[in-house]
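S.K.: Supplied in structure tokens, the structure appears directly below.
The values are calculated or read from the model by the stated rules, or taken from the named source; none is laboratory data. All figures in this text were calculated on a predicted structure; none of them were measured in a lab. Positions of Cβ are generated from backbone atoms using ideal geometry, with glycine treated the same way; all protein chains shown enter the neighbour counts. These area figures cover heavy atoms from the full protein model, side chains too; ligands, DNA and RNA do not enter into them. Shrake-Rupley method; radii C 1.70, N 1.55, O 1.52, S 1.80 Å.
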Amino acid sequence: MEPIKTGIIGFGRVAGNHLNAMRECGLYDVKIVCDITESRREAAIEEELEATDSLDALLDSDIELALITTHSSAHYADALKVAAAKKHIIVEKPMALTGPEAEEMVAAAKENGVAL
């Protein structure tokens, strides 16, 4: 099985932990990181990853899966954009800030045929 081409949205401390685990298990090929903070993009480049401050650029890449590790308040909007781009989604906890947001995220994933 080929590793899943993966992008990470938000490259703080939590994302670094996920990156290490993804690399160790061999199931994921992390390609690109999106973060609005320049120092975090530089850290991604040091990890030999492509880095951008544009979520659209990440979603336009050939990734199949996006790991969302942004601030909890951004999970909902980010997940809806990822689903609309027909990419599979992993969301760091909490999934959303409210039950209705979580339900809408699930509905968007189903509508677009992606796993959440």
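S.K.: Loop only per DSSP, at most 10 neighbouring Cβ atoms within 10 Å: give me the GluC sites (Glu not before Pro) in the range 14-116, ordered by residue number.
M.R.: Within the range 14-116, the qualifying GluC sites (Glu not before Pro) (loop, at most 10 other Cβ atoms within 10 Å) are E48.
S.K.: Roll a 1.4 Å probe over the protein chains and send me the accessible area per residue for the chain in Å².
M.R.: Solvent-accessible surface per residue comes out at 56 Å².
S.K.: Keeping every protein chain in place, order M1, M22, M95 by accessible area at 1.4 Å, biggest value first, i.e. largest first.
M.R.: The most accessible residue leads, giving M1, M95, M22.
S.K.: Using only alpha carbon pairs under 8 Å that are at least six residues apart, calculate the relative contact order of the range 31-116 and give it in whole percent.
M.R.: Value for the range 31-116: 23 percent.
S.K.: Something else: Could you work out [θ]222 nm for the chain from helices alone, using -39500 (n - 2.57) per DSSP H run of at least four and dividing by all its residues? Round to the nearest 500 deg cm²/dmol.
M.R.: Value at 222 nm, helices only: -13500 deg cm²/dmol.
S.K.: Then there is this: Can you tell me how the range 1-67 classifies by the Cα gyration tensor, rounded, prolate or oblate, using a/c under 1.5 as the rounded cut?
M.R.: Oblate, since a/c reaches 1.5 and b/c is not below a/b.
S.K.: Would you mind checking which residues have amide H under 5 Å from I4's amide H? H placed 1.01 Å from N; only 5 or more apart, or other chain.
M.R.: Sorted by chain and number, the residues that satisfy this are Y28, D29.
S.K.: I would also like to ask the following. What number comes out for the charge environment of T70, summing +1 per Lys or Arg and -1 per Asp or Glu over other residues with Cβ under 10 Å away? Spell out each step's value before the answer.
M.R.: Working: positive: none; negative: D35, D78, E92.
Residues near T70 contribute -3 overall.
S.K.: Which semi-axis lengths, in whole Å and largest first, follow from the square roots of five times the eigenvalues of the Cα gyration tensor of the range 15-107?
M.R.: For the range 15-107, the semi-axes come out at 22, 14, 13 Å.
S.K.: A further question follows. Could you give the length gained on full extension between K93 and K5, defined as 0.36 nm per residue of separation minus the Cα-Cα distance, in nm?
M.R.: Full-extension gain reported as 29.5 nm.
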